[in-house]
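The values are calculated or read from the model by the stated rules, or taken from the named source; none is laboratory data. All of these numbers come straight from a predicted model, not from anything done at the bench. Every residue, glycine as well, gets a Cβ built from its backbone with ideal geometry; the counts of neighbours run over all protein chains shown.
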Amino acid sequence: MSNSINTKSKKVLVIGLGQLGLPVAKYVNDKGFDVYGYDINSESMLRAREKIGIKTTTSFRNFDIYIICVSTHNPSDISSPQIEGLISVINKISMEANNGSLVSIESTIPLGTSKKIFELLEHRLHVVHAPHRWYSLEEEKYGVNQLRVIGGVNPCCLKLGEEFYTGHSKCGAQVFPDDEFVNNYNGQEKTDRSTQGPSTFIENSFIMDTTQINSQGYSPSLEIPMHTVSTIEIAELTKIIENSHRYLQIAFAEELYLYCQANNILFSELRDALNTKWNVEILEPRGGIGGHCLPKDTKMFLNSSKVRSKILLSAMEVDSLYRDFMTRREKKLITSVENLKN
């Protein structure tokens with residue numbers, strides 16, 4: 001088993017070059033890494049080459065770090081979650097990647113997916129989840145390098161993930177061993193680990209001297225501030241709950257708008273008055289809760305629990321009522337305009 005993580009080249013493959021993956025690839029490239037990109041869509045790879053000068057490849061071999069930015073929605077229904085595309089990518093990584101490489105999942109995923117991926121990779125690669133918080137409409141303020149959450153399948157994985165993103169680790173002295181130690185493990189010298197297989201090696205690997213951290217730590221790093229969590233499940237939940245919370249906020253604004261319409265209250269004035277209080281923020285409802293992130297991630301959260309969330313189910317009902325109201329109002333407006341023309 002070789003360890004390409006601690007080499008100086010830091011060869012990175014960004015998988016998925018869409019709305020998220022493209023700025024991620026650019027950011028990683030700007031930080032001095034040797035970056036390649038892959039996307040199932042050849043036009044996306046062409047755009048990455050022409051727009052930001054990223055090298056592209058269809059091979060997953062000989063990379064130190066894999067950053068996964070693929071979509072996790074159903075292609076025929078963007079508001080519904082689906083991870084088949086992600087699993088397909090993982091299967092390709094499993095067949096082609098070097099043992100000990102780092103896999104960072106930035107895609108939004110359902111609870112339990114990271115450990116499933118670790119199993120598909122046969123425990124041979126390090127797996128972390130660092131869900132993105134990138135916002136396309138305000139990229140300058142909410143770009144790739146904003147504070148994020150990171151969790152690892154085990155402490156060894158988390159340590160490497162932290163070093164890649166921040167340049168240091170908060171989780172003790174567990175790292176994947178260097179090439180010399182790996183060669184010893186592979187039989188050139190007997191150690192107390194000679195009976196261990198790849199599936200337990202990553203989980204139990206450790207170092208005896210903290211100077212090894214300093215001599216083989218990540219440099220450069222992405223220099224992104226990360227909030228470390230104790231389990232990868234918490235990291236998985238943070239993103240889908242963040243968007244579920246946003247869904248609730250919008251749904252409440254929609255319901256308040258419907259209330260105002262039913263009771264002949266001027267919503268905009270009421271909203272402005274409410275928002276003068278320091279801990280109140282009523283959003284502005286628009287055309288309904290659209291896009292794929294909020295509806296999809298809210299469904300991921302709903303599906304993650306044995307207990308159904310009554311408040312989220314009610315929020316979905318409110319959004320449906322609000323959309324129906326807005327559709328009827330638009331039809332009435334069109335009819336009124338046509339009548340005036342006649």
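Checking each residue of segment 322-329 against the condition of being among the polar types (S, T, N, Q) and modelled with pLDDT under 95 gives at least one match.
Residue-wise test of (1) hydroxyl-bearing (Ser, Thr, Tyr); (2) within 19 Å of Ala253 (Cα to Cα); (3) touching a residue at least 60 places away in the same chain (Cβ under 8 Å).
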{"position": "Ser305", "(1), (2), (3)": "yes, no, no"}
{"position": "Leu312", "(1), (2), (3)": "no, yes, yes"}
{"position": "Asp319", "(1), (2), (3)": "no, yes, yes"}
{"position": "Lys332", "(1), (2), (3)": "no, no, no"}
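Taken over segment 63-87, the residue count meeting the criterion of being among the acidic types (Asp, Glu) and over 17 Å from Leu120 (Cα atoms) is 2. Filtering segment 19-51 to residues that are touching a residue at least 40 places away in the same chain (Cβ under 8 Å) and surrounded by fewer than 14 Cβ atoms within 10 Å (Cβ to Cβ) leaves Gln19, Gly32.
Considering only residues of segment 52-93 that are without any contact (Cβ under 8 Å) to a residue 40 or more places away in the chain, among the hydroxyl-bearing types (Ser, Thr, Tyr) and touching a strand residue (DSSP E or B) at 6+ places or on another chain (Cβ under 8 Å), which is nearest to Val35 (Cα to Cα)? Among those residues, the one meeting the criterion is Thr56.
If you check Leu266 against the conditions, is it farther than 21 Å from Ser314 by Cα and in the same structural domain as Leu111 (by TED's automatic domain parsing)? No; evaluated as a whole, the condition is false for this residue.
This table checks each residue for (1) of a type outside the set (Lys, Arg); (2) under 19 Å from Lys239 (Cβ atoms).
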| site | (1), (2) |
| --- | --- |
| His132 | yes, yes |
| Tyr135 | yes, yes |
| Glu138 | yes, yes |
| Tyr142 | yes, yes |
| Gly152 | yes, yes |
| Lys159 | no, no |
| Ser169 | yes, no |
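Can you tell me which residue is surrounded by the fewest Cβ atoms within 10 Å (Cβ to Cβ) among those in segment 233-278 that are touching a helix residue (DSSP H, G or I) at 6+ places or on another chain (Cβ under 8 Å) and among the polar types (S, T, N, Q)? Among residues in segment 233-278 that are touching a helix residue (DSSP H, G or I) at 6+ places or on another chain (Cβ under 8 Å) and among the polar types (S, T, N, Q), the one surrounded by the fewest Cβ atoms within 10 Å (Cβ to Cβ) is Gln261.
To keep it simple, each residue is scored yes or no on (1) outside the structural domain of Gln82 (by TED's automatic domain parsing); (2) in contact (Cβ under 8 Å) with a residue 40 or more places away in the chain; (3) in a helix (DSSP H, G or I).
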{"site": "His245", "(1), (2), (3)": "yes, no, yes"}
{"site": "Leu248", "(1), (2), (3)": "yes, yes, yes"}
{"site": "Ala251", "(1), (2), (3)": "yes, yes, yes"}
{"site": "Tyr259", "(1), (2), (3)": "yes, no, yes"}
{"site": "Lys277", "(1), (2), (3)": "yes, no, no"}
{"site": "Val280", "(1), (2), (3)": "yes, no, no"}
{"site": "Leu283", "(1), (2), (3)": "yes, no, no"}
{"site": "Arg286", "(1), (2), (3)": "yes, no, no"}
{"site": "Ile289", "(1), (2), (3)": "yes, yes, no"}
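Quick check, is Asn303 outside the structural domain of Tyr142 (by TED's automatic domain parsing), of a type in the set (S, T, N, Q), out of contact with any helix residue (DSSP H, G or I) (no Cβ under 7 Å at 6 or more places or on another chain) and closer than 30 Å to Pro155 by Cβ? For Asn303, the condition - outside the structural domain of Tyr142 (by TED's automatic domain parsing), of a type in the set (S, T, N, Q), out of contact with any helix residue (DSSP H, G or I) (no Cβ under 7 Å at 6 or more places or on another chain) and closer than 30 Å to Pro155 by Cβ - is met.
Any residue in segment 301-315 that is under 30 Å from Asn145 (Cβ atoms), surrounded by 15 or more Cβ atoms within 10 Å (Cβ to Cβ) and out of contact with any Phe, Trp or Tyr (no Cβ under 8 Å at 6 or more places or on another chain)? Yes; the residues of segment 301-315 include at least one that is under 30 Å from Asn145 (Cβ atoms), surrounded by 15 or more Cβ atoms within 10 Å (Cβ to Cβ) and out of contact with any Phe, Trp or Tyr (no Cβ under 8 Å at 6 or more places or on another chain). The listed residues are Ser80, Ser136, Ser101, and the only one of them that is more than 20 Å from Ile224 (Cβ to Cβ), assigned by TED's automatic domain parsing to the domain that holds Gly18 and either of a type in the set (Ser, Thr, Tyr) or in contact with a Cys (Cβ under 6 Å, 6 or more places away or on another chain) (or both) turns out to be Ser80.
Taken over segment 46-75, the criterion of being over 20 Å from Cys157 (Cβ atoms), touching a Phe, Trp or Tyr at 6+ places or on another chain (Cβ under 8 Å) and not in a strand (DSSP E or B) is satisfied by Ile54, Thr57, Thr58. Just one of the numbered conditions (1) in a strand (DSSP E or B); (2) surrounded by fewer than 22 Cβ atoms within 10 Å (Cβ to Cβ); (3) of a type in the set (A, V, I, L, M, F, W, C); (4) at pLDDT 95 or above is not true of Ile78; which one? So the condition that Ile78 fails would be (4). Scanning segment 12-29 finds no residues that are assigned to a strand (DSSP E or B) and in contact with a Pro (Cβ under 6 Å, 6 or more places away or on another chain). Meeting the requirement of 1 or more residues that are of a type in the set (S, T, N, Q), modelled with pLDDT of 95 or more and buried (at least 20 other Cβ atoms within 10 Å of the Cβ), the helices (runs of 4 or more DSSP H) wholly within segment 85-199 are 113-120. Answer yes if at least one residue in segment 327-338 is within 16 Å of Tyr247 (Cα to Cα), out of contact with any helix residue (DSSP H, G or I) (no Cβ under 6 Å at 6 or more places or on another chain) and part of a helix (DSSP H, G or I), and no otherwise. Scanning segment 327-338, I find no residue that is within 16 Å of Tyr247 (Cα to Cα), out of contact with any helix residue (DSSP H, G or I) (no Cβ under 6 Å at 6 or more places or on another chain) and part of a helix (DSSP H, G or I), so the answer is no.
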